[in-house]
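The values are calculated or read from the model by the stated rules, or taken from the named source; none is laboratory data. Everything numeric in this text was worked out from a predicted model, so none of it was measured. FYI the Cβ positions are ideal-geometry reconstructions off the backbone, even for glycines, and counts take in every protein chain you see.
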Amino acid sequence: MDDIIESESSDESPLASNTGIELSVLVVDDEPNNVTSLEKIFKKEGMRVVGAPNARDALEQLRKRRVDVVLTDLMMPGTSGVELLRAVKEISPDTEVVVMTAFGTVEVAVQAMREGAYDFVEKPLKRLSIVKSVRKAGERRQLLAENRSLRQELRLLTERTIIGHSPALRRVLEVVSQAAPSTATVLVLGESGTGKELIARNVHAKSGRTGQFVAVNCAAIPESILEAELFGHERGAFTGAVARREGRFARAAGGTIFLDEIGELSAAVQVKLLRVLQEGEFEPVGGRTQRADVRVVAATNRELKAEVLAGRFREDLYYRLNVIAVTAPPLRTRREDVPLLVDHFLEKFSHKNNKPVLAVPSDVMNKLLDYSWPGNVRELENAIERAVVLSRGDTLQLGDLPEAISQAQASAVDALTFPIGTPLDEVEHRLIRETLRHTSGDKALAAQLLGISTRTIYRKLGDVDGGGRGEVD
Ligand SMILES: Nc1ncnc2c1ncn2[C@@H]1O[C@H](COP(=O)(O)OP(=O)(O)OP(=O)(O)O)[C@@H](O)[C@H]1O
Ligand SMILES: [Mg+2]
């Protein structure tokens with residue numbers, strides 16, 4: 001039986017194509033007459049079309065060619081249209097699916113929509129509405145595909161850039177630039193969300209090494225398989241090792257391996273890692289020794305030195321990793337980076353959500369500047385993403401920010417005032433003291449913030465205090 005009624009006969013195409021790219025359609029129906037009539041209709045519309053009598057053949061076609069739209073019957077013997085829909089989304093997530101339903105089966109059509117179908121058309125089919133629906137689905141798919149590649153490019157560009165102009169961050173980046181071309185191991189320290197991974201990628205990007213950047217989150221991989229994951233294994237090395245498998249070190253050959261959360265390594269893996277760093281070689285589980293031309297960058301938000309003192313981290317490994325150490329400064333100690341980061345993330349998430357880039361009124365920016373950012377840049381990034389998603393107008397509203405931020409109180413320590421005519425020595429002295437208070441006595445960090453060396457801090461305080469160096473220790 002032919003389900004297609006040419007009731008709205010018209011020689012003109014109901015909708016001209018907007019994208020100008022030939023649409024490719026796959027028609028699935030167990031009724032051969034339907035497939036033939038639909039093929040004719042779509043060909044007449046200038047589309048590329050193939051037919052399939054069942055879900056299995058349809059999936060076979062989908063694996064072979066690019067398909068923009070699958071038009072499928074819902075009730076077919078064997079695999080149903082909904083099952084086919086799921087499989088299509090698995091194999092080719094961008095392909096849109098339009099389902100055809102018999103009169104009175106709207107419930108199933110609704111389920112199909114819930115599972116990701118683009119549209120449904122009721123039988124008996126009308127030429128005009130079916131062409132319209134398939135064309136719209138195809139154009140959506142083409143736009144999505146185009147968008148995706150643009151977005152990916154943008155992501156690669158933006159997500160690798162380290163934003164910020166604070167002296168503290170600049171100093172870190174200077175060390176990175178100096179260290180990058182060598183093969184020295186770099187240890188990146190810092191609180192969660194400060195950008196340690198970004199810094200590690202930056203080391204690789206500036207290294208001139210042509211191999212891959214391979215990141216391993218040591219805390220996310222179960223201890224029992226971490227060794228095999230890092231160094232690989234031979235076939236039959238242990239139960240379940242049915243084939244030889246390359247490890248991450250081998251994959252990073254000529255490139256950089258990033259060992260994240262290094263503080264979580266078990267004692268056994270610490271020994272193996274020490275060997276790679278000392279001898280430049282490793283052994284796959286059950287295999288022969290291999291040379292490792294791999295640059296190692298490690299990161300942790302733990303106090304690694306304290307872990308050594310507590311006996312949980314090997315001291316020799318610590319020194320091997322600690323050849324060049326950089327500390328990603330917490331965001332609260334470099335508030336001058338906040339506006340730049342806000343702009344950067346506003347742009348990023350506006351693109352992602354297809355929204356205009358929001359303007360930031362000064363009261364909102366002040367809130368963002370006042371907040372202490374315990375979760376650092378990641379917290380800021382999440383707050384901005386949330387605000388962009390929630391925003392309705394073209395400005396960022398206080399109400400779009402999480403409460404913790406919109407209710408933030410300005411901290412009193414952050415500003416110093418001096419009467420005109422205060423001697424420079426005294427200004428310097430108080431500034432250094434307040435900064436030290438702010439960093440809880442961390443002189444290295446205070447020096448970073450002030451853009452001077454740690455030695456200068458000692459000297460300045462010594463000068464003003466008349467040589468009383470002991471006081472600041
Ligand atoms: N200076 C920066 N410029 C732009 N984006 C940044 C910057 N610092 C951090 N980010 C972004 O913030 C998020 C967190 O950064 P990252 O994952 O590098 O932090 P981390 O220190 O490794 O955190 P954790 O210790 O929790 O693993 C990422 O999305 C990263 O792109
Ligand atoms: Mg990280």
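List of remarks:
- Tabulated pairs, the stretch 395-410, first in the same structural domain as TYR371 (by TED's automatic domain parsing), second among the β-branched types (Val, Ile, Thr) and in a loop (DSSP other than H, G, I, E, B), C-beta under 6 angstrom, 6+ apart or interchain: LEU396/VAL360
- Residues that are in a helix (DSSP H, G or I) and either surrounded by fewer than 17 Cβ atoms within 10 Å (Cβ to Cβ) or modelled with pLDDT of 95 or more (or both), drawn from the stretch 347-366: GLU347, SER350, LYS352, SER362, ASP363, MET365, ASN366
- When the stretch 240-271 is filtered for residues that are in contact (Cβ under 8 Å) with a residue 40 or more places away in the chain, within 22 Å of the chain's Cα centre (by Cα) and not in a loop (DSSP other than H, G, I, E, B), the ones remaining, listed by number, are THR256, ILE257, PHE258, LEU259, ASP260, ILE262.
- The criterion of being surrounded by fewer than 19 Cβ atoms within 10 Å (Cβ to Cβ), at pLDDT 80 or above and charged (D, E, K, R) holds for GLU31.
- The lone exception for ALA220 - which of (1) in a loop (DSSP other than H, G, I, E, B); (2) modelled with pLDDT under 90; (3) away from ligand 2 (no atom under 16 Å from the Cβ) it fails: (3)
- Any hit, the stretch 280-295, residues being hydroxyl-bearing (Ser, Thr, Tyr) and surrounded by fewer than 15 Cβ atoms within 10 Å (Cβ to Cβ): yes
- Answer residue from the stretch 331-382, given it is over 17 Å from ILE162 (Cβ atoms) and among the polar types (S, T, N, Q) and is nearest to ligand 1 (Cβ to nearest atom) among those: ASN382
- Failed item in (1) surrounded by fewer than 16 Cβ atoms within 10 Å (Cβ to Cβ); (2) more than 16 Å from ligand 1 (Cβ to nearest atom); (3) in contact (Cβ under 8 Å) with a residue 40 or more places away in the chain, with ALA237 passing the rest: (1)
- Residues being away from ligand 2 (no atom under 16 Å from the Cβ) and of a type in the set (S, T, N, Q) are represented in the stretch 337-352 by at least one member.
- Of all the numbered requirements in (1) more than 16 Å from ligand 2 (Cβ to nearest atom); (2) in contact with a helix residue (DSSP H, G or I) (Cβ under 9 Å, 6 or more places away or on another chain); (3) among the β-branched types (Val, Ile, Thr), ILE225 misses one, and that requirement is (2).
- In the stretch 343-400, the residues that are β-branched (Val, Ile, Thr) and closer than 24 Å to THR333 by Cα: VAL360, VAL364, VAL377, ILE384
- Qualifying residues in the stretch 167-217 (those that are assigned to a strand (DSSP E or B) and more than 11 Å from ligand 2 (Cβ to nearest atom)) - the one surrounded by the most Cβ atoms within 10 Å (Cβ to Cβ): VAL186
- Subset of the stretch 367-402 that is polar (S, T, N, Q) and modelled with pLDDT of 90 or more - its residue that is surrounded by the fewest Cβ atoms within 10 Å (Cβ to Cβ): THR395
- Contact annotation: residue pairs with Cβ atoms under 7 Å, 6 or more positions apart or on different chains, pairing a residue in the stretch 297-326 that is farther than 18 Å from GLY280 by Cβ and touching a residue at least 24 places away in the same chain (Cβ under 8 Å) with a partner that is away from ligand 2 (no atom under 16 Å from the Cβ) and of a type in the set (Ser, Thr, Tyr), are LEU304/TYR318.
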